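For reference, the structure discussed in these notes is given below.
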Amino acid sequence: MNITIIGTGYVGLVTGACLADLGNNVFCLDVDQAKIDLLNSGGVPIYEPGLKEIIERNVDAGRLTFSTDLAASVAHASVQFIAVGTPPDEDGSADLQYVLAAARNIGRHMTDFKVVVDKSTVPVGTADKVAAAITEELVIASEARQSMSPGFSVVSNPEFLKEGAAVEDFTRPDRIVLGVANDAAGERALNTMRQLYAPFNRNHERTRVMDVKSAEFTKYAANAMLATRISFMNELANLADQVGADIELVRQGIGSDPRIGYSFLYAGTGYGGSCFPKDVQALARTAREHGQTLRVLEAVEAVNHDQKQVLVNKIFAKYGPKLAGKTFALWGLAFKPNTDDMRDAPSRVIISALLRAGASINAHDPVAQEEAKRVLALDLADAPKLLQNLQFADKAMETVQGADALIIVTEWKAYRSPNWTALKAAMKEPVVFDGRNLYEPQEMKENGMAYVAIGRGNHG
């Protein structure tokens, strides 16, 4: 099939590359000429394991094209995926300007029936706005051409991709949600989407067909549920520290209940990234627009906001609020492993707080260091001189030389089994503040390390 993907961000690039890998002819559109130039030169604007290799082989095979040509993108395919960003507005609502701009472009240039697929994460009711935008442009175009408007149908097909495992999630989905209209055009669109996704359903049927608004709601509900589990465990972890319980043992105890399961029950420094923060805010905003308060979700967001400060508070509790003369090694900058995404990353809160308290930091991350330099410069725009006290190392062990303590922020596999003897010898003091509970307290004690984690008791 011929497919057009509008937007070459995280969702659009993964979707386009993986659909091309199935044999489809995919045209990826973006208005950012620099990004298109990068892709056409063999570069990839995001880090995602396996993605670069998929892009390379499909570009070489002629199945994957990158361009800024708006008219060509619409003419290329009867299936048009809208996969542009929906950043949070100032009031927490999703900003739909890019979604609606894409819709208007489709309406302006289309001359045959189109299946318009909302792949972006959008609030309930967005498909109606997309349809209205397309219709408005079709009316103008049809009057100019003095011809009948071609038909179209808007489908909601939310993505469920985890950063760091997006290629695996796309190629081995646990469900494919399709929200379609209950009319002839919707039936035609559904048949097209079933054909497109047929390769994923050979083993068993993964498609969940529903009305459009329910499909839009499903995406927000899924992310809100996962965010809730994280904040719930973080609150319990903070209480565990007070009562002397070990949150890791608690996690194992409740996770073994099949009604609960183990996923998203790890305590830490809070969630970040491009999805959970904005989706929780957007769903809460939608509720307020309809006269309802989602009290659980508002608490989830408040807990997550405070949790990013918990590790900082533990550091202040040990050293005091003035950290001049203290040097900290910091492992992990991205909000999670296997990505360079720094959006709402807990490391940003921690680094900013420690630098403002007078500390020096030597940081490492396997892939996110360049992006970290960019966003931290923005975070500290009011105090740029503090960035002089922030250094980056190419190797994790280089950061600990002469450090007063090591701070773990992101649970990269490379950090799971360090050489404790070498690390202890390199540091001024053998102290570890573990924001991801990577290590066992007893093991740390045996290695002569003072250990402060989240909800595991203070072993420092």
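The values are calculated or read from the model by the stated rules, or taken from the named source; none is laboratory data. Quick caveat: nothing in here was measured; it's all calculated off a predicted structure. Here the Cβ positions follow ideal geometry from the backbone for every residue, glycine too, while neighbour counts run over all protein chains shown. The protein model used for the area step is the full one, side chains on, heavy atoms only, and it has no ligands, DNA or RNA in it. Shrake-Rupley method; radii C 1.70, N 1.55, O 1.52, S 1.80 Å.
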Residue 382 versus residue 207: modelled label distance in nm, points set 7 Å from Cα along the beta carbon direction:
5.3 nm
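Are there GluC sites (Glu not before Pro) in the stretch 188-254 that DSSP puts in a loop and that have at most 16 other Cβ atoms within 10 Å, and which ones?
Values: sites: 205, 216, 235, 248; in loops: 205.
Sparse-neighbourhood loop GluC sites (Glu not before Pro): 205.
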Karplus-derived HN-Hα couplings along the stretch 62-77 (A = 6.51, B = -1.76, C = 1.60, θ = phi - 60°), whole Hz, x at Gly and Pro
x, 9, 9, 10, 10, 7, 10, 7, 4, 4, 5, 5, 6, 5, 5, 8
Low-density loop positions, trypsin sites (Lys or Arg not before Pro), the stretch 176-232 - DSSP coil, at most 12 other Cβ in 10 Å
202
Could you list which residues have their amide H under 5 Å from that of residue 434, counting only those 5 or more apart in sequence or on another chain, with H placed in the peptide plane?
408, 452, 453
Between residue 191 and residue 429, what is the label-to-label distance in nm when each label sits 7 Å out along the Cα-to-Cβ direction?
7.2 nm
With everything on Cα atoms, drop me the angle between helix 97-109 and the longest principal axis of the chain, reported from 0 to 90° to the nearest 10.
20 degrees
Relative contact order, percent, the stretch 1-64 [alpha-carbon distance under 8 Å, six or more residues apart]:
37 percent
Straight-line reach from residue 373: which lysines fall under 20 Å, measuring Cα to Cα and dropping same-chain residues less than 8 apart?
35, 308, 336, 385, 395
Can you figure out the FRET efficiency of residue 299 with residue 132, using R₀ = 41 Å and their beta-carbon distance, to the nearest 0.05?
0.70
Just to confirm the number: angle between the C-alpha axis of helix 369-379 and the first principal axis of the chain, 0 to 90 degrees, nearest 10?
90 degrees
So what are the ³J(HN,Hα) numbers for the stretch 157-174, from phi and the Karplus equation (6.51, -1.76, 1.60; θ = phi - 60°), rounded to whole Hz, Gly and Pro as x?
9, x, 8, 10, 10, 8, 4, x, 9, 5, 5, 4, 5, 6, 7, 10, x, 7
Cα-projected label distance for residue 60 with residue 37, points at 7 Å along beta-carbon direction, nm:
2.6 nm
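Could you please report the charge total around residue 207, scoring K, R as +1 and D, E as -1 over all other residues with beta-carbon less than 10 angstrom from its beta-carbon? Write down the numbers at each step before the final one.
Values: positive: 175, 194, 206, 208; negative: 205.
Every neighbour counted, the sum reads +3.
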With Cα atoms, 0 to 90° folded angle of helix 295-307 axis to the chain main axis
50 degrees
Fraction of antiparallel bridges per DSSP, the chain only, in percent to nearest 5
10 percent
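State, as an integer percentage, the relative contact order of the chain based on alpha-carbon contacts under 8 Å between residues 6 or more apart.
On the way: 878 pairs, mean separation 54.3, N = 460.
Relative CO of the chain lands at 12 percent.
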Using a 1.4 Å probe on the protein heavy atoms, what percent of the accessible area of the chain belongs to carbon and sulfur?
51 percent
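Please give the contour-minus-distance gain from residue 112 to residue 317: 0.36 nm per residue of separation, less the Cα-Cα distance, rounded to one decimal in nm.
Values: separation 205, 0.36 × 205 = 73.80 nm, distance 6.58 nm.
Separation in residues times 0.36 nm, less the Cα-Cα distance, equals 67.2 nm.
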What is the Cα centroid distance between the stretch 390-460 and the stretch 245-286, reported in whole angstrom?
24 Å
Show that you can apply the helix-only estimate: for the chain, add -39,500 (n - 2.57) for every DSSP H stretch of four or more residues, divide by all residues, and state [θ] at 222 nm to the nearest 500.
-13500 deg cm²/dmol
